[in-house]
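Q: To start, I am sharing the structure in question, which I have written as structure tokens.
The values are calculated or read from the model by the stated rules, or taken from the named source; none is laboratory data. These figures come from a predicted structure and were not determined experimentally. Backbone-built Cβ (ideal geometry, glycine too); neighbour counts: all protein chains shown. Keep in mind that these areas ignore ligands, DNA and RNA; they rest on the heavy atoms of the full protein, side chains included. Shrake-Rupley method; radii C 1.70, N 1.55, O 1.52, S 1.80 Å.
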Amino acid sequence: MLCSAWPGFSQDAPQTKISGRITNARGEALDLVNVALTGIPGGTVTDNKGHYQLNVRPGVKAELVISFVGFRTEKETILLSPGEHRIINKTLLTTSTDLTAVLIEDQHVRSTSLTRIDPRAVTVIPTMGGGIESIVKTLPGVASNNELSSQYSVRGGNYDENLVYVNDIEIYRPFLVRSGQQEGLSFLNADLVSSILFSAGGFDARYGDKMSSVLDIQYKKPTQFAGSATMSLLGGALHLEGLSKNRKFNYLLGLRQKSNQYILGSLQTKGDYQPSFTDFQTHLNYTLSPKLEISALGNLSVNLFRLSPTDRETSFGTVQEAYRLRVYFEGQEDDKFINGLGALTLTYKPKEKIRLRFIASGFRSVESETYDILGQYWIGQLESDQSGNEAGKVVEERGVGSYLNHARNRLEATVAAFEHKGTLLLPGENVLQWGLKAQYERIDDFINEWTLIDSAGFTLPVIPDSAGYTNPAIQPGLSIMINDRLKADNRTRSGRFSGYLQRTWNFNADSARLFLTTGIRAQYWDLNRQFLLSPRATLSLKPNWQRDVMFKLSAGYYYQPPFYRELRDREGRINPDLKAQASLHIVAGTDINFKAWNRPFKFVAEMYYKHLENLIPYDIDNVRIRYEARNNAHGFAAGIDIKVNGEFVKGVESWASLSVMKTMEDIEDDFYWDYYNAEGKRIIPGYTTDVTAVDSIRVEPGYLPRPSDQRVTFNLFFQDYLPNNPTYKMHLNLVFGTGLPFGAPKAPRYQHIYRTPPYRRVDIGFSKLIKSEGADASGFLKYFKSIWITAEVFNLLQFNNTISYVWVTDVNARRYAIPNYLTPRQINVKLMVNF
């Protein structure tokens, strides 16, 4: 138990003190709650059981202040007699959500596939990107190999297979972004969030039509004025919240600005980086009557990225065969991603157990990608003899070349939707939910990009010139060879119509309690004229055992109708007849609440199998996904996810997660020929001497690893503090992921036989609480509830993580994959204040 003594007391006299227990609205103990007396130095915090004890001066009236981030501050005037010991227990109510809704929701969350995430962890996890996605990436089944991006894949899916909702409104990601350094800020503003729910599969019918996961975010409903500000070397953020005097109107305002110029300057490609990412959001609520409420959500995001590269140097290969690539650049890149979202929600509660919601929303994105970059490169072989003076130096030039990358791409997207959602609470904690949605989509996409390679005789065959020809008619035509040319002007207009019906039952038996959720979704898209039905169900069993255990089984059919990105093939053409991809989910799991070292812990394990049909093959370069725009593959994903979270250190939560997964696909119309020479040896261009084929065999590759086939991932988020001074804290984020499949550009998928090196990263942060809520302060500090200062070290162990490759060819037509590394070790300083 933690306590604080009043200065000036005689230690021999009977102590005058107060003590008690602090809990939340569900009766659960709250640890590290600040307990102090206004105007008096010192104070204390509650232990892991919610208990506190504080010595006070007898005969003096004082104001007791009990405060905790995310909860309403409690104050009470006290006056104690000498030697008196008074018990003061308090129940803290949340300041950021509607309590009744949270209580009802929490009763059902554990019986579903959803996992609740504590929003407070977002503010302390040491990551380069920050934000809610940084916490999601630490969960089992979730993988991400790029600290510069907020994108993640779940159980073998890709970035486009994840649903994200804010206040029941679907959120879209930019279309043209091709690298993490361009991406900027994601939509989700952690300062405004009150509730985070995540499912890695087997989710309910009330969620939309994607194959992998759902992230369900709810923003706050403030009950008093508050705010926060954050400043760091990577940017800053400000948020304000409050309500009117009559408590009918409340508001949230959030402003963020990010510039990762400091980080990008450490990349291999040197140059003048000028990123600027700005985001403004607001959420307004007005209670028209006890039964009627209206709310508005607005967002404007302006992400600008400009780069004038100068040079790059990368060493690659092995100890015995090492090479170095040097590139000198001219030109620049100028990208703009401007997104806006607006939504109006009307909530009507005609009766206590009925809630009807009507939502009108609109999303608008204007994106442009413009660059002209000339690169001149040299490939040199390095001295492999480490004993000589020439070790590590270029001893032979293997080739010289130039390339010119050009793009003038512009995309405009508009999505407008109107939907109705209803909830009916039935007797016995049963719930009936339904919804209808109509959506209009308009996409205008103009593409003009190409690459010109001047190989100086070794990366491309040289067309013979016309010197010496006597008959001009037989001279070969000379033309500039353009590589990767892509030009199109696509315009799509379409409408989607969807609906769902879902019912939850609770059954009480002598030996167990059962929870059953069944539902069905329907969707029709007028572009491909496909009608879909998606049944889903989850069964949960909680035995009446002494140990707190729950078993779950989920199954369902999850369709993913194509959006614009899937419709466009590698040549820029649109396939309007493309059908929905499909995934049959079967998920079985258990979670156990237990105690170790007299502290609370939770163990969660899930096994899953996903049968995949009508797949659209794709490949990934950095964060850019390029589809084949054909339903010509089928496959599967199977694995197991394990997570343990709890108080590894008393009073603070940490967790570790492990995932083992395999995902494969069979592209139905792919094959190739193996050719053999007279010696019976398979002919390998560039390696085989006798290339005269006398025999051939047709080979069908069968099942191939999908681009997201990351077999093992491990994540650890660990928190600690100084035992005698918990105002000093440490936060550690460790990530490990095995390599992903890759191959040469334009190579067929069966030639993607290589794997990237494992992704390994350790980020660590050290925080100091300068001022805690309720503590005595003077001067300007008295205006703040809390002040934290944090020092972060990114990539502590200086791992070179590979995100993609540059491919070059030497004079012998051998191709080399040259790694593009992510960020090295960097330091960040951050100041966070709450008021």
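Q: Provide the per residue accessible area, probe 1.4 Å, for the chain, rounded to a whole number of square angstrom.
A: Details: 37500 Å² over 835 residues.
Heavy-atom accessible area per residue stands at 45 Å².
Q: Here's a follow-up. For labels at residue 408 and residue 513 in the simple 7 Å Cα→Cβ model, what's the distance in nm?
A: Each label point is offset 7 Å from its Cα along the Cβ direction, giving 6.6 nm.
Q: Shifting gears a bit: Listed highest first by mean packing, meaning other Cβ atoms within 10 Å per residue, what order do 672-678, 441-447 come in?
A: Working: 672-678: 13.3, 441-447: 18.4.
Taking the mean over residues of other Cβ atoms within 10 Å, the ranking is 441-447, 672-678.
Q: Got a sec? What order do 90, 487 fall in by accessible area at 1.4 Å, biggest, i.e. largest, first?
A: 487, 90
Q: While we're looking at this one, here's another question. Using alpha carbons only, what's the Rg to Rh ratio of region 601-741 with Rh from Kirkwood?
A: Result: Rg/Rh = 1.22.
Q: At 1.567 mPa s and 4 °C, plugging the Kirkwood radius over alpha-carbon pairs of region 118-264 into Stokes-Einstein gives what diffusion coefficient in µm²/s? Intermediate values should be presented prior to the final figure.
A: Values: Rh = 16.5 Å.
So the translational diffusion coefficient is about 78 µm²/s.
Q: Would you tell me the accessible area of residue 628, worked out with a 1.4 angstrom probe on the heavy atoms of the protein chains, in Å² to the nearest 10?
A: 60 Å²
Q: Express in % the proportion of alpha carbon pairs of region 299-425 at distances exceeding 26 Å. Walk me through the intermediate numbers first.
A: On the way: 4654 of 8001 pairs.
Roughly 58 percent, once rounded to a whole number.
Q: Show the residues, 5+ positions off or on another chain, whose built amide H is closer than 5 Å to the amide H of residue 770.
A: So residue 770 has HN proximity to 787, 788, 789.
Q: Cα centroid distance between region 632-704 and region 211-261, in Å?
A: One Cα centre to the other: 44 Å.
Q: Could you give each residue of region 704-719 its phi-based ³J(HN,Hα) in whole Hz, using Karplus coefficients 6.51, -1.76, 1.60 with θ = phi - 60°, and x for Gly or Pro?
A: Each residue's phi maps through the Karplus curve to give 10, x, 6, x, 9, 7, 9, 5, 9, 9, 9, 10, 9, 10, 10, 10 Hz.
Q: Could you tell me the calculated FRET efficiency between residue 109 and residue 577, based on Cβ-Cβ distance and R0 = 60 angstrom, to the nearest 0.05? Don't jump to the answer; show the numbers that get you there.
A: Details: r = 40 Å, r/R0 = 0.67.
Efficiency at R0 = 60 Å is approximately 0.90.
Q: Counting only residues 5 or more places away or on other chains, whose amide H sits under 5 Å from the amide H of residue 201 once H atoms are built in the peptide plane?
A: 214
Q: Give me the distance in nm between label points sitting 7 Å out from Cα along the Cα-to-Cβ direction at residue 703 and residue 286, one decimal.
A: 5.8 nm
Q: Continuing with the same structure: Provide, in order from the shortest bin, the percent of all Cα-Cα pairs of region 237-290 in each 10 Å bin, continuing until the bin that contains the maximum pair distance.
A: It works out to 20, 29, 20, 15, 11, 5, in whole percents.
Q: Report relative contact order for region 293-410 in percent, whole number only (criteria: Cα-Cα under 8 Å, sequence separation at least 6). Don't skip to the end; give the middle numbers.
A: Numbers: 271 pairs, mean separation 30.7, N = 118.
So the answer I get is 26 percent.
Q: Return a whole-number percent for the relative contact order of region 625-737, with Cα pairs under 8 Å and 6 or more residues apart as the contact set.
A: Working: 203 pairs, mean separation 28.4, N = 113.
That works out to 25 percent.
Q: Multiply the residue gap between residue 624 and residue 63 by 0.36 nm, knock off their C-alpha separation, and tell me the result in nm, one decimal place.
A: On the way: separation 561, 0.36 × 561 = 201.96 nm, distance 5.77 nm.
Value of the extension gain: 196.2 nm.
Q: Which whole-percent values make up P(r) of the chain when all C-alpha to C-alpha distances are grouped in 20 Å steps starting at zero?
A: Binned Cα distances yield the sequence 13, 43, 31, 10, 2, 0.
Q: May I pose another question? Suppose we keep just the DSSP beta bridges with both residues in the chain; what percent of those would be antiparallel, to 5? Spell out each step's value before the answer.
A: Values: 358 of 370 bridges.
If we restrict to bridges inside the chain, about 95 percent are antiparallel.
Q: Now for a different question. How large is ³J(HN,Hα), in whole Hz, for each residue of region 277-292 in order, when computed from phi with the Karplus curve 6.51 cos²θ - 1.76 cosθ + 1.60 and θ = phi - 60°, using x for Gly and Pro?
A: 10, 10, 9, 10, 9, 9, 9, 10, 10, 9, 8, 6, 7, x, 9, 9
Q: Now, a different point. Does region 560-668 come out rounded, prolate or oblate, given a ≥ b ≥ c as the square roots of the eigenvalues of its C-alpha gyration tensor, rounded meaning a/c under 1.5 and, failing that, prolate meaning a/b above b/c? Provide the component values of the computation, followed by the final result.
A: On the way: a/c = 3.77, a/b = 2.54, b/c = 1.48.
The shape class here is prolate.
Q: Still on this model: Please work out whether region 186-235 counts as rounded, prolate or oblate from its C-alpha gyration tensor, where a ≥ b ≥ c are the square roots of the eigenvalues and a/c under 1.5 means rounded, while otherwise a/b larger than b/c means prolate and anything else oblate?
A: Numbers: a/c = 4.07, a/b = 1.79, b/c = 2.27.
It is oblate, given that a/c is not under 1.5 and a/b is not larger than b/c.
Q: Further question on the same structure: Suppose the chain between residue 597 and residue 318 were pulled fully straight at 0.36 nm per residue; how much longer would it get relative to their current alpha carbon spacing? Before the final figure, lay out each step's value.
A: Working: separation 279, 0.36 × 279 = 100.44 nm, distance 4.85 nm.
Gain on extension, residue 597 to residue 318, equals 95.6 nm.
Q: Right, here's the next one. Identify, among 828, 505, 192, the residue whose Cα sits farthest towards the positive end of the charge dipole of the chain, taking +1 on the Cβ of Lys and Arg and -1 on the Cβ of Asp and Glu, with the dipole about the Cα centre.
A: Most positive-ward Cα: 505.
Q: Reachable lysines from residue 221, Cα under 19 Å, same-chain residues fewer than 8 places away excluded?
A: 245, 248, 291, 349
Q: Another one. Between residue 372 and residue 272, what is the FRET efficiency for a Förster distance of 25 Å, r being their Cβ-Cβ separation, to the nearest 0.05?
A: Values: r = 15 Å, r/R0 = 0.61.
With R0 = 25 Å, the Cβ-Cβ based efficiency is 0.95.
Q: Right, next: At 37 °C and 0.692 mPa s, grab the translational diffusion coefficient of region 191-279 from Stokes-Einstein with a Kirkwood Rh over Cα pairs, rounded to a whole number in µm² per second.
A: Working: Rh = 16.6 Å.
It diffuses with D of about 198 µm²/s by this estimate.
Q: OK, next. Quickly estimate the mean residue ellipticity at 222 nm for the chain, helices only: each DSSP H run with n ≥ 4 gives -39500 (n - 2.57), and the total goes over all residues, rounded to 500. Spell out each step's value before the answer.
A: Numbers: 5 runs with 28 residues, N = 835.
Rounded to the nearest 500, it is -500 deg cm²/dmol.
Q: Testing the spin-label approximation: label points 7 Å from Cα along Cα→Cβ at residue 450 and residue 85. State their distance in nm.
A: So the two model labels end up 8.8 nm from each other.
Q: Please work out how much length the chain gains when fully extended from residue 727 to residue 753, using 0.36 nm per residue of separation minus the C-alpha to C-alpha distance, in nm with one decimal. Don't skip to the answer; put the middle values down first.
A: Values: separation 26, 0.36 × 26 = 9.36 nm, distance 5.05 nm.
Using 0.36 nm per residue and subtracting the Cα-Cα distance, I get 4.3 nm.
Q: Compare the Cα positions of 415, 639, 426 along the charge dipole of the chain (+1 at Cβ of Lys, Arg; -1 at Cβ of Asp, Glu; about the Cα centre) and return the one farthest towards the positive end.
A: Value computed over the given set: 426.
Q: Between region 125-201 and region 330-406, what is the C-alpha centre distance in whole Å?
A: Here the answer is 15 Å between Cα centres.
Q: Could you give me the radius of gyration and the Dmax of region 263-325, taking only the C-alpha atoms into account and expressing both in angstrom?
A: Answer for region 263-325, Rg first and Dmax second: 24.4, 77 Å.
Q: Cross-link candidates for residue 650: which lysines have Cα within less than 21 Å, leaving aside residues fewer than 8 places away along the same chain?
A: 49, 595, 602, 729, 768
Q: Restricting the calculation to Cα positions, tell me the Rg (one decimal) and the Dmax (whole number) of region 559-616 in Å.
A: In Å, with Rg to one decimal and Dmax whole: 20.4, 62.
Q: Please report the carbon-and-sulfur percent of the accessible area for region 484-575; probe 1.4 Å, protein heavy atoms only, DNA, RNA and ligands left out. Walk me through the numbers on the way to the answer.
A: Numbers: 2540 of 4710 Å².
Carbon-and-sulfur percentage of accessible area, whole number: 54.
Q: Moving on. Classify region 365-432: rounded, prolate or oblate, from the alpha-carbon gyration tensor (a ≥ b ≥ c, eigenvalue square roots; a/c under 1.5 rounded; otherwise prolate if a/b is larger than b/c)? Let's see the in-between values first.
A: Details: a/c = 9.96, a/b = 2.28, b/c = 4.37.
Cα axes put region 365-432 in the oblate bin.
Q: Give the carbon-plus-sulfur fraction of the accessible surface of region 307-372 in %, rounded to a whole number; probe 1.4 Å, heavy atoms of protein chains only.
A: 53 percent
Q: Got the relative contact order for the chain handy, in percent, Cα pairs under 8 Å and 6 or more residues apart?
A: Details: 2290 pairs, mean separation 82.4, N = 835.
Worked out over the chain, it gives 10 percent.
Q: Taking H as built 1.01 Å from N, whose amide H comes closer than 5 Å to the amide H of residue 93, not counting residues under 5 places away?
A: 72
Q: I would also like to ask the following. Explain nothing, just compute: Karplus ³J(HN,Hα) = 6.51 cos²θ - 1.76 cosθ + 1.60, θ = phi - 60°, for every residue of region 667-678 in order, whole Hz, x for Gly and Pro.
A: Residue by residue, region 667-678 yields 7, 6, 10, 9, 6, 8, 10, 9, 10, 10, 8, 5 Hz.
Q: Could you state the principal axis extents of the C-alpha atoms in region 725-835, from the largest down, to the nearest angstrom?
A: Sorted largest first, the three principal extents are 74, 22, 22 Å.
Q: A further question on this structure: Across 5 Å bins from 0, what is the distribution of all Cα-Cα pair distances for region 250-368, in whole percents?
A: With 5 Å bins starting at 0, P(r) equals 2, 9, 13, 12, 11, 9, 9, 8, 7, 5, 5, 4, 3, 2, 1, 0.
Q: If you put +1 on each Lys and Arg Cβ and -1 on each Asp and Glu Cβ, how big is the dipole of the chain around its Cα centre, in Debye rounded to 20? Mind dumping the intermediate values first?
A: Details: 93 positive and 87 negative charges, 675 e Å.
Dipole of the chain, to the nearest 20 debye: 3240 debye.
Q: To the nearest 0.05, how large is the calculated FRET efficiency for residue 356 and residue 244 if R₀ is 30 Å and r is the Cβ-Cβ distance? Show your work: numbers first, answer last.
A: Working: r = 25 Å, r/R0 = 0.83.
FRET efficiency, residue 356 to residue 244: 0.75.
Q: Dividing the Cα convex hull volume of region 109-179 by residue count, how many Å³ per residue is that?
A: Working: hull volume 8.3 nm³, N = 71.
In region 109-179, the Cα convex hull volume per residue is 117 Å³.
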